[in-house]
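Have a look at the structure below, then the notes.
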Amino acid sequence: MNEIEKYYQSLMQDVVAMQASSEEGDTQEQTFTRIAVDMLAEAGETENADIAYDEKDTGRKGQHKINAYAVSENYETVDLFISIFDFSETIPTIAKTDIDRATTRITNFFKKAVEKDYVNEVAESSPIFEFAHTLANFQELKENLVRVNAIILTNGEYRGDFPPSAIISGYNIFYRIIDINYLYKISEHSRIPIELDFENFEGEKFEIPCLSANTSNPDYKAYIAIIPGTCLAKLYERYGARLLEQNVRSFLQFTGKINRGIRDTIRNEPHMFLAFNNGIAATADHIELDETGHFVTKISNLQIVNGGQTTASIYNTAKKDKASISDIFVQVKFSIIDKPDQYSEIVSRISRYANTQNKVNDADFSANNPALIALEKLSRYILAPVTAQNNLQTCWFFERARGQYKTLRSREGRTKSMESAFDRKYPKNQMFSKVELAKYINAYQEIYEGKKMVIGPHIVVRGNEKNYAQFIANNLPDNLKRIDNVFFEDTVAKSILFKNADKRYGKKPDSIGEMKQVVVPYTLSLLNKITDNKLNLYKIWKNQQVSPQLSDFIFDLMKQVNQFILDTYAGQHYIEKAKREECWELVKNYLWSYNVNEIESDLIDEKNPPKRNVNIDISEEELAQNREIVKSIPHALWYEIGKWGKDSGFFDINLSSV
């Protein structure tokens, strides 16, 4: 069995396990869709994705199907997902007829939705209604939409060509196929390189003259090139933010906003653009030149690390102002990283130094943020309390970098028994990522910088990338002494609180409504305001659950918040309104119906506050020494120690169960 086959077997096991534990009532196909879309999101290839299945007129000419969708924060990109799923023991082979059928169905959905007629056929309770309403009626999306990615997801293997791009209802639609081979690649690597052939890029040939800097540096090669504006615009049209170095995508301006100076130069003095513009800095891991050595023909893993606004402005000036960009040329400095093991680290440093004119701190390059590293360490050894529901002590696993959980499980689970031991200590449902961390914490409490609100539930509604950027900038302690066991325990309590509210909101058709992503963070922030920040998070941590009284209180509040937003913005785009601070101001200042005495036992008693012991931090060397001492004591002796402690009463229930 090769590595792809092993990965397939593991993926199918995950599908079965996730479906069994799903709170959403998913089919296996939708469970697979969730897994695949989450992987693409972690690799930076989609954002703000929602799972929403809809299928109509199967077998007829106008048949359509969709499994998920995503709308980028700046409304430039819409991703449509359709799944081809076949649960079998071996990797299924996907035929071209299957791809053609999926292409037709997903294209029909977009055409129906964007031309307005379909939204009138969909019930407001349908999971696809909000998206159909957005495509049909939301003017900001219509004005900014650059690309529609129709992505065919499959657990099988496809060896044919991609369907050609098309123009549907005036919009560019690009087709991609994400099969088992692609999923395996992004499970092993942080991202899949964009491969560009300038001899035939989307049917056109572009000449890109360049000069090589003859350096003897073993880490990278440098080239200076001149790229036509038409080529740069086409790159932007096809790939958008996927071109921007992933670690800083959230922090740098790579949007459709047109820089006035760039626009004026393009419209009035295009021949002077090369002289007036500072150019672009980019990285790649491979470059090919023609036989003369003076023209770029192919480049792999192109990432723009500085010049995103220049790129977007050239495209949008041509698109919106109908300006000619045939005389526009842009200087590009290519840094080609030769060492694969150092690629990510060097690119991040180039990104940092190339953007010194932007307000980008070291902490923004968050994979190596010291506070997140400290939180990760705490998550590996702080044991959750034993409860009546669980007599085993477990850990809440913080995954600072993508794939850590899987890597550690593989390393420590060399045998079935060791794998089971790992799963008992680190249950999959107690693993949380960076973006989830940001969501749980930002949803809990407002943060102000002077008089300006920088954190609130409306920020959470804006989507993972936007919310995470605000979290790193404004809500992650920069003092490492504050990242202690109390901070960690409170973080887990906020996670439990968020998950409970999410579950109580419900799943279709028995949910409160269609605005879970709005109502849950809004209600939790409102709860904090109502209780004057006196919710007893330590009680939630100790019990590893929310009390029935508090859960019911949150449920009743969510129903009110849901109806309030519906009534306030009747006939308008609820989700978009909820992304604005004005919406949150209306919610928090409204007179709600509640009795705070119902949750008195869940609030901190100021006369007798919970006693929190802060663990004293010890060095890695001391931790290693302590581990060796513990390992040196025979199992039989540990058993006798535990028995003595339990019988004598000297060990509490936590210690006697370790």
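The values are calculated or read from the model by the stated rules, or taken from the named source; none is laboratory data. Values in this document were obtained by computation on a predicted structure and should not be read as measured data. Using ideal geometry, Cβ is built from the backbone for each residue, glycine included, and neighbour counts are taken over all protein chains shown. Ligands, DNA and RNA are stripped out before the accessible areas are found, and what is left, the full protein with its side chains, is counted by its heavy atoms. Shrake-Rupley method; radii C 1.70, N 1.55, O 1.52, S 1.80 Å.
What the table shows:
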read-out: Members of K56/K116; K406/K542; K234/K577 lying beyond 24 Å, as alpha-carbon distances in this model show; value: K406/K542; K234/K577
read-out: For peptides 41-53, 268-280, 315-327, sequence by mean Cβ density within 10 Å, most packed first; value: 41-53, 315-327, 268-280
read-out: FRET efficiency for T415 and V486, using Cβ-Cβ distance with R0 set to 45 Å, rounded to 0.05; value: 0.80
read-out: The chain, relative contact order in percent, only Cα pairs under 8 angstrom and at least six apart counted; value: 9 percent
read-out: With Cα atoms, 0 to 90° folded angle of helix 485-505 axis to the chain main axis; value: 70 degrees
read-out: Separation of the Y639 and S216 label points, Cα + 7 Å toward Cβ, nm; value: 6.7 nm
read-out: Percentage relative contact order, region 419-486, counting C-alpha pairs under 8 Å, at least six apart; value: 26 percent
read-out: Rounded to 10°, Cα long-axis angle of helix 635-648 versus longest principal axis of the chain; value: 50 degrees
read-out: Helix 343-354 axis, angle to the chain major axis (alpha carbon atoms, nearest 10°); value: 70 degrees
read-out: Nearest-10 value in Å² for the accessible area of E436, using the 1.4 Å probe; value: 60 Å²
read-out: FRET efficiency for S300 and I382, using Cβ-Cβ distance with R0 set to 60 Å, rounded to 0.05; value: 0.90
read-out: Inter-label distance, nm, simple model (7 Å from Cα along the C-beta direction), N200/L603; value: 7.1 nm
read-out: Computed helical MRE - 222 nm, the chain, DSSP H runs ≥ 4 contributing -39500 (n - 2.57), nearest 500; value: -13500 deg cm²/dmol
read-out: Three semi-axes of the equivalent ellipsoid, the chain, Cα gyration tensor, whole Å, largest first; value: 43, 31, 27
read-out: Over 25 Å (Cα to Cα) - which of K112/K439; K534/K559; K534/K611; K416/K439; K65/K298; K494/K516 fall in this group; value: K112/K439; K416/K439; K65/K298
read-out: Estimated FRET transfer efficiency when R0 is 51 angstrom, pair R267-E89 (beta carbons, to 0.05); value: 0.25
read-out: Sulfur and carbon atoms: percent of accessible area, the chain [1.4 Å]; value: 49 percent
read-out: Probe 1.4 Å, protein heavy atoms only - accessible area per residue of the chain in square angstrom; value: 50 Å²
read-out: For region 1-89: rounded, prolate or oblate by the Cα gyration tensor [a/c cutoff 1.5]; value: oblate
read-out: Computed over region 80-150: relative contact order in percent, which uses C-alpha pairs under 8 Å that are six or more apart; value: 33 percent
